[in-house]
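Visitor: Would you mind keeping the following structure in view while I ask a few things?
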Amino acid sequence: MSLIWKISNVGQATYLPEAPTTRQERRAILFVSGVWLAFLAWTVIGLLDSTASIPIQVAAWAALAAFPLVYLRGFLHPDILPHRSRHLSTLIYTAALIVLGLITAQATPTAIINIVPYLMAQWIFNHRLFTGITAVVVLFFAAVGVVAVANFDDYANWFLASVGSPAIIMIFIRISIEMSATQQERAEQLRLAQQREELASTVHDVLGHSLTTITVKVQLAQRLLATDVNAAKTELADIETLARRSLSEVRATVTDLQHPDLAEQLDQAANALTAAELSFHRPEALPRLTLVQQQIFAWVIREAVTNVIRHAKSTTCTISIRANGEQRRLRVDDDGAGISDTDPKNHHGLAGLYRRVVSAGGSFEIIRLEPGTRLEVIL
């Protein structure tokens, strides 16, 4: 049974496991799910001892050979009908496994019970917790009914070990991973809350200092109006400059507080680059990303695309987001004039992004290309 999956639909009561998308995730699914196929050895022993006719035995062996392929595919591709509910896809997999079990049971009757834990796994590890547990309970009592109706007297002694124990183990594993995923989500939300608090503090500091200075200068200008008009005009000009600068700083900080959506930011980048008559290449599909990764990548893309349009003098911009194990890598490439200083801390717009990426445990690098520039972030 599979113990590894990805989580989606953050913020809902429970989580819906996603299909694996990377080669590493697929290998993990095949290994962890495939280990449990060793318990089909009981069915193999039953077939070896079978006294059924040769055609029936051949069909049973063929069905047994097909069973692992269908079972593992249920984890690798849980949504065979992508535009329909996953429940329907799992029902199709369940029906296929039951048919294979029935064919095998013609040669060794208890095979129909041996497949029950694999049916349970399809439901509990491919659906939300409530749906999975409900399906496990239904399948368990259905197996009890089959044992009673089919008079598997010898099998009754092994029923709890072969069906009951796997059911209990799967439920505990599913609950454990559900709790782990919840803790991970809460940790990400805490990190985002800390970022909001930091940004809110920045807004407070900017406004507090600026408004205090403006108030003092307004009071001074009022006093100077009666004695030195030119000096008063100078103070008023300073007040206007300070107000404009403060407004710019507040706007920049509030923009950070908005937490842009990654998909939306990619769409906005496409619109901006197209309007600037630049060719744009974007990722066709996004790998699984945490909340923090999504939002930091969105901030980086916004700033990087702005710099490409304003300063790069390029004709093409390419954005890629790829998985590298548990890490995610964002690259923004252009074929422009290049950059002389590759230290992000020396660039006003990139310095804040650099601090944000580093605080999230990532790396931020500017790389010279021939021609152009690459901005790379790894989280």
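The values are calculated or read from the model by the stated rules, or taken from the named source; none is laboratory data. What you see is a predicted model, and the numbers here were worked out from it, not measured in a lab. When we count neighbours, we look across all protein chains shown, and the Cβ atoms used for this are built from the backbone with ideal geometry, even at glycine. Note: accessible area is taken over every heavy atom of the protein model, side chains too, but ligands, DNA and RNA are not part of it. Shrake-Rupley method; radii C 1.70, N 1.55, O 1.52, S 1.80 Å.
Visitor: So who's got an amide H within less than 5 Å of the one on residue 281, skipping anything under 5 residues away but keeping other chains? H placed 1.01 Å off N, in plane.
Guide: 317, 318, 319
Visitor: Taking Cα centroids, how far is segment 58-79 from segment 348-370 in Å?
Guide: Segment 58-79 and segment 348-370 have Cα centres spaced 47 Å from each other.
Visitor: From Cα coordinates alone, what are the radius of gyration and Dmax values for segment 18-137 in angstrom?
Guide: Cα radius of gyration and Dmax of segment 18-137 are 15.0, 46 Å respectively.
Visitor: Ranked highest first by the average count of other Cβ atoms within 10 Å around their residues, in what order do 38-50, 285-297, 108-120 fall?
Guide: Values: 38-50: 14.5, 285-297: 18.8, 108-120: 23.3.
Peptide ranking by packing, descending: 108-120, 285-297, 38-50.
Visitor: Mind checking the per residue accessible area of segment 261-379 for me, 1.4 Å probe, whole number of Å²? Can you show the working numbers first?
Guide: Values: 6080 Å² over 119 residues.
On a per-residue basis, segment 261-379 sits at 51 Å².
Visitor: Show me 311-318, 322-329 ranked by packing, highest mean number of other Cβ atoms within 10 Å first. Numbers along the way, then the final one.
Guide: Working: 311-318: 17.5, 322-329: 13.6.
Top to bottom by mean Cβ count within 10 Å: 311-318, 322-329.
Visitor: A follow-up question, please. If you work out Rg and Dmax of the Cα atoms in Å from the coordinates, which of (i) 21.2, 62; (ii) 20.6, 68; (iii) 30.9, 117 do you get?
Guide: Only one option fits the structure, namely (iii).
Visitor: Which value at 222 nm does the chain reach when only helices count, each DSSP H run of 4 or more adding -39,500 (n - 2.57), with the total divided by all residues and rounded to the nearest 500 deg cm²/dmol?
Guide: Numbers: 13 runs with 235 residues, N = 379.
Value at 222 nm, helices only: -21000 deg cm²/dmol.
Visitor: Related question: For the peptides 76-86, 332-342, what is the packing order when you average, over each peptide's residues, the other Cβ atoms within 10 Å and list the highest mean first?
Guide: Going from most to least packed, we get 332-342, 76-86.
Visitor: Given a Förster radius of 41 Å and the C-beta distance between residue 327 and residue 233 as r, what FRET efficiency does 1/(1 + (r/R0)^6) yield to the nearest 0.05? Could you put the intermediate results ahead of the total?
Guide: On the way: r = 57 Å, r/R0 = 1.40.
The calculated FRET efficiency here is 0.10.
Visitor: What FRET efficiency, computed as 1/(1 + (r/R0)^6) with R0 = 22 Å and r the Cβ-Cβ distance, is obtained for residue 313 and residue 341, rounded to the nearest 0.05? Mind showing how you got there, number by number?
Guide: On the way: r = 17 Å, r/R0 = 0.75.
That pair, residue 313 with residue 341, gives E of 0.85.
Visitor: Another question, then. State the extension gain, in nm to one decimal, for the chain segment bounded by residue 365 and residue 175, taking 0.36 nm per residue of separation less the distance between their alpha-carbons. Each step should come with its number before you reach the end.
Guide: Details: separation 190, 0.36 × 190 = 68.40 nm, distance 3.99 nm.
So the extension gain works out to 64.4 nm.
Visitor: Quick check on segment 233-379: take the gyration tensor over C-alpha atoms, sort the square-rooted eigenvalues as a ≥ b ≥ c, and tell me if it's rounded (a/c under 1.5), prolate or oblate.
Guide: On the way: a/c = 1.79, a/b = 1.47, b/c = 1.22.
Prolate, since a/c reaches 1.5 and a/b exceeds b/c.
Visitor: Would you work out what percent of the accessible area of the chain, with all protein chains in place, is carbon or sulfur (probe 1.4 Å)?
Guide: On the way: 12250 of 20660 Å².
So the carbon and sulfur contribution to the accessible surface is 59 percent.
Visitor: Continuing with the same structure: Kirkwood Rh over Cα pairs of segment 257-330 into Stokes-Einstein at 10 °C, 1.306 mPa s: D in µm²/s?
Guide: Details: Rh = 12.8 Å.
Here the translational diffusion coefficient equals 124 µm²/s.
Visitor: Something else now. Can you compute the modelled spin-label distance between residue 285 and residue 52, with each label point 7 Å from Cα toward Cβ, in nm?
Guide: Label-label distance for residue 285 and residue 52, simple model: 3.8 nm.
Visitor: Given R₀ = 41 Å, FRET efficiency for residue 277-residue 243 by Cβ-Cβ distance, to 0.05? Write down the numbers at each step before the final one.
Guide: Details: r = 35 Å, r/R0 = 0.86.
Efficiency for this residue pair is about 0.70.
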